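K.L.:
First, the structure itself, so that you have it in front of you.
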Amino acid sequence: MSDNHRLEYLQARLAEIEAQVEEAWEQSRTQWRYRFTQGRIEFEEGVRDAHRLAKVRWWQFLRRTRLMVVLTAPFIYAVFIPFVLLDLFVTLYQAVCFPVYGIPKVKRAEHVVIDRQNLAYLNAVQKVNCMYCGYGNGVISYVREVAARTEQYWCPIKHAQRVKGVHPYYGNFCDFGDAEGFQKQTPKLRRALRDLDQDAD
């Protein structure tokens, strides 16, 4: 199978898997009786009341929490400052550089999702924690995508040793030591980045 046919096959398989994932999400929404309407989460009648009954009050929640866990909170929330700085600098980087490279910008809103505070079974402390986790993990996901597109543009070469948790573009990178492949494939991989906006549509 040629590289082009292999890439087309993998893209078709990816689209099929993405459709299956979306179907599974829809089944989950049906099971837990909520839907999205114009970007807003709407629960079916009676669901919020049931959620409120399941909520543990914040003072009960803190009373049950071990003292050492409470004392680690400042260390957890201190990372908020680096997250914000990373968010700002990476957003600035792609705003300045991606148009020059011809790479479509990563849509931050698709990665940084903060919506768990809408759950009535969470108390105030849990909601703050969940918002922070959503932001922190969202920023990491957003930065990873920006970095992955940058890597495909500038250095699409696999590492000599196995790397865990590689991004989705890595599989198409050139093999380590394949000088001819690197020269031939890099322009194609750059063009593939430019087509990302069309694929999203």
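K.L.:
When you go through Arg48, Arg63 one by one, which is the residue that is in contact (Cβ under 8 Å) with a residue 12 or more places away in the chain, assigned to a helix (DSSP H, G or I) and open to solvent by 70 Å² or more (accessible area, probe 1.4 Å)?
P.N.:
Residue meeting the stated conditions: Arg48.
K.L.:
Take Arg149 and tell me if it is out of contact with any strand residue (DSSP E or B) (no Cβ under 9 Å at 6 or more places or on another chain), at pLDDT 95 or above and not aliphatic (A, V, I, L, M).
P.N.:
Spelling it out, Arg149 is indeed out of contact with any strand residue (DSSP E or B) (no Cβ under 9 Å at 6 or more places or on another chain), at pLDDT 95 or above and not aliphatic (A, V, I, L, M).
K.L.:
From Phe98, Phe43, Phe61, Phe80, which residue is touching a Lys or Arg at 6+ places or on another chain (Cβ under 8 Å), over 21 Å from Ala148 (Cα atoms) and of a type in the set (A, V, I, L, M, F, W, C)?
P.N.:
Only one candidate qualifies: Phe43.
K.L.:
Which of the numbered conditions does Asp115 fail, given that it passes all the others? Conditions: (1) modelled with pLDDT of 95 or more; (2) more than 30 Å from Pro187 (Cα to Cα); (3) open to solvent by 30 Å² or more (accessible area, probe 1.4 Å).
P.N.:
With (1) modelled with pLDDT of 95 or more; (2) more than 30 Å from Pro187 (Cα to Cα); (3) open to solvent by 30 Å² or more (accessible area, probe 1.4 Å) applied to Asp115, the lone miss is (1).
K.L.:
Can you tell me which residue in segment 137-166 is farthest from Val113 (Cα to Cα), limited to those that are surrounded by fewer than 18 Cβ atoms within 10 Å (Cβ to Cβ) and of a type in the set (Gly, Ala, Ser)?
P.N.:
Of everything passing the filter in segment 137-166, Ala160 is farthest from Val113 (Cα to Cα).
K.L.:
Could you tell me which of the residues Val70, Val125 is over 20 Å from the mean Cα position of the chain (by Cα), without any contact (Cβ under 8 Å) to a residue 40 or more places away in the chain and either more than 29 Å from Tyr169 (Cβ to Cβ) or open to solvent by 60 Å² or more (accessible area, probe 1.4 Å) (or both)?
P.N.:
Unique residue meeting the criteria: Val70.
K.L.:
Hey, among Phe176, Phe89, Phe98, which residue is over 14 Å from the mean Cα position of the chain (by Cα), crowded, with 17+ Cβ neighbours inside 10 Å, more than 30 Å from Arg52 (Cβ to Cβ) and of a type in the set (A, V, I, L, M, F, W, C)?
P.N.:
Phe98
K.L.:
What number of residues within segment 1-43 are outside any helix (DSSP H, G or I) and open to solvent by 80 Å² or more (accessible area, probe 1.4 Å)?
P.N.:
7
The values are calculated or read from the model by the stated rules, or taken from the named source; none is laboratory data. These numbers come from a predicted model, not from an experiment. Neighbour counts run over all protein chains shown; Cβ positions are idealised from the backbone, glycine included. Surface areas here come from the heavy atoms of the whole protein model, side chains and all, with no ligands, DNA or RNA. Shrake-Rupley method; radii C 1.70, N 1.55, O 1.52, S 1.80 Å.
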